[in-house]
1. Return yes when Phe326 is touching a residue at least 40 places away in the same chain (Cβ under 8 Å) and among the aromatic types (Phe, Trp, Tyr) and no when it is not.
2. Scan segment 217-230 for residues that are touching an Asp or Glu at 6+ places or on another chain (Cβ under 9 Å) and surrounded by fewer than 15 Cβ atoms within 10 Å (Cβ to Cβ) and jot them down.
3. Please find, within segment 38-76, the residue that is surrounded by the most Cβ atoms within 10 Å (Cβ to Cβ) out of those that are under 35 Å from the mean Cα position of the chain (by Cα) and over 28 Å from Ile119 (Cα atoms).
4. Can you work out which of the residues in segment 202-215 that are out of contact with any helix residue (DSSP H, G or I) (no Cβ under 9 Å at 6 or more places or on another chain) and either buried (at least 19 other Cβ atoms within 10 Å of the Cβ) or among the polar types (S, T, N, Q) (or both) is farthest from Phe89 (Cα to Cα)?
Amino acid sequence: MTILKTYFIFLLAAILLLAGCSERSKLPDMRETYSYKDTKPFGGYVAHSLVKELYPQKILNINKKSFSDFRAQTYIDSFSLYVSISKRFYCSKADAESLIEFVNEGNTVFISAGIIDSILLDKVYCEQANTDWVNRMIEQRYSPGSLSANDSFKYFYHPFINHFSVVDSVSGKELGWNEAGKPNLVVLFVGRGRLYLQCDPRAYSNYFLLTDNNSNYLAQTLQYLSGNPGNLFWDDHYNRKNYREDGGGNSALAILFKHPELTMAFWILIIMALLFILFNGKRKQRIIPIIKPVENTSVAFTQAIAGLYMAEKNNKTIADKMITYFNEHIRNRYFLNVHSAGKDFAQTLSKKAGLSFESVQALYNTIGQVQLSEEVSDFELLSLNEQIQQFYKNRN
């Protein structure tokens, strides 16, 4: 009852704590989704709307498929512009090849992502600096950040530190830089088309574009793109994918390790499991009391009964009991009928017991004499007992 009461108190305290937390004002959702419908600080609603305003005569088509599926299922009869904004841009080898082929045919692709898959970057001879560990260290520190293209643009949040460490000097050109002067917006000329890569997608978030005149950053970016594309496509696939789709990188652990929070939780779980095994390897249980084995009281019982008979000095009764127990032993061990205890019986028993015929015959002669006597002396009782004990001692 006491344990139940304790649990009830803890449950009540937890409910009151949750109720108190619910009264607090909710903080804004700072997840980076870049969805074209998301109006949260790091959604893509504003960027999507500005692109539609820039091309009022065009339909901005939403693509929810991987790029290879998009190419296979979409008929394109004129020059097109494809825009993708996501926190991470992970693609399969087939997607990367299809995208490069799409650009090579004369189309324009614009990709903005904090992490751009190396499968795609390798095909255009570019490399992105590994700043993921720095982002994790400063993810709780807010400070003024700035970008520059033709003009400089500022906001107050995590600083812009992503950049490209290698850009193909033959087919590539730097167009924008972060506050450290490192390139974060480049264009690559592939065949008859252009591939624009930008590695700080927060610059196209609702929060950034609605700060001061930062919407001009998107306008300047779009000025680099084609002035009058025949088709417009807005990607709504890669902003919802955090792992590759090439079969080798979509295992359960591969997906888990793509998320820093899940990775940390996984290792904490492993460490806790090891500690539990280390400190709780021995099973906890009540001390088992030592139970003494049941004593064999048959000897004590026999001694007690014998004492009673000896107290009465009834040697005849004792001798009869000894003979009865002995015959029962012969019957159970050697399967012989003791009621026909003649010469043949003695001969058979001597062979089975491994004793001489004379000793067996002498024993049964003594047994016969005792059975015929009305009284048994102490000497006769001791003689019978000694012969029976010798039989037990020397038999097979």
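The values are calculated or read from the model by the stated rules, or taken from the named source; none is laboratory data. Predicted, not measured: the structure shown is a model, and the values here were computed from it. Positions of Cβ are generated from backbone atoms using ideal geometry, with glycine treated the same way; all protein chains shown enter the neighbour counts.
1. It is true that Phe326 is touching a residue at least 40 places away in the same chain (Cβ under 8 Å) and among the aromatic types (Phe, Trp, Tyr).
2. Gly230, the sole residue that qualifies.
3. Asp38
4. Asn213
Each row is one residue, and each column tells you yes or no for (1) modelled with pLDDT of 70 or more; (2) part of a helix (DSSP H, G or I); (3) surrounded by 10 or more Cβ atoms within 10 Å (Cβ to Cβ).
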{"residue": "Asn250", "(1), (2), (3)": "no, no, yes"}
{"residue": "Glu261", "(1), (2), (3)": "yes, yes, no"}
{"residue": "Phe276", "(1), (2), (3)": "yes, yes, yes"}
{"residue": "Lys292", "(1), (2), (3)": "yes, no, no"}
{"residue": "Val299", "(1), (2), (3)": "no, yes, no"}
{"residue": "Thr302", "(1), (2), (3)": "no, yes, yes"}
{"residue": "Met310", "(1), (2), (3)": "no, yes, yes"}
{"residue": "Ala319", "(1), (2), (3)": "yes, yes, yes"}
{"residue": "Met322", "(1), (2), (3)": "yes, yes, yes"}
